[in-house]
Amino acid sequence: MAATGVRVVTSAPGAVEAEPLSHTSDELIESDYEARKKSAGGALAPWAVAEAIGYAYRQPGNVTMHEIVLTATGQEA
């Protein structure tokens, strides 16, 4: 995309505090998610992910952040 002047960034957040579990009735999925979140000391707040993406967007037109990887501090990579 560089030749077109379009900037592209890949955002790869770890566990994010969200409502996806309200759409499942599988107790194993829910307990696994809660266990992973607990082991990492919590999940990312949605606003933290939005702030990172906003930061990339606000860079000058001649700057591209190709990748953003963010996780809770306790989450293993």
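The values are calculated or read from the model by the stated rules, or taken from the named source; none is laboratory data. If you're wondering where the values come from, they're calculated on a predicted model, not measured in any experiment. Neighbour counts run over all protein chains shown; Cβ positions are idealised from the backbone, glycine included. Please note that ligands, DNA and RNA were not included when accessible areas were found on the heavy atoms of the full protein model with its side chains. Shrake-Rupley method; radii C 1.70, N 1.55, O 1.52, S 1.80 Å.
Near the amide H of LEU70, within less than 5 Å, lie the amide hydrogens of ALA12, GLY14, all on another chain or at least 5 residues away, with H placed in the peptide plane.
Residues in region 1-35, backbone N under 19 Å from the label point at THR64 (7 Å along the Cα-to-beta-carbon vector): list them, ranges by number please. Backbone N within reach: 1-12. Using +1 at the C-beta of Lys and Arg and -1 at the C-beta of Asp and Glu, which of VAL16, MET65, ALA48 has the Cα lying farthest in the positive direction of the dipole of the chain? The listed residue farthest towards the positive side: MET65. What angle do you read, to the nearest 10 degrees and between 0 and 90, between the alpha-carbon axis of helix 46-57 and the longest principal axis of the chain? Helix 46-57 sits at roughly 10 degrees to that axis. Can you tell me the 0 to 90 degree angle between the C-alpha axis of helix 27-39 and the longest principal axis of the chain, rounded to 10? So the helix axis and the longest Cα principal axis differ by about 70 degrees. The heavy atoms of VAL16 present about 40 square angstrom of accessible area, all protein chains included, probe 1.4 Å.
Counting Cα-Cα pairs of the chain in 5 Å increments starting at 0 gives whole-percent bin shares of 3, 14, 20, 18, 15, 11, 8, 6, 3, 1.
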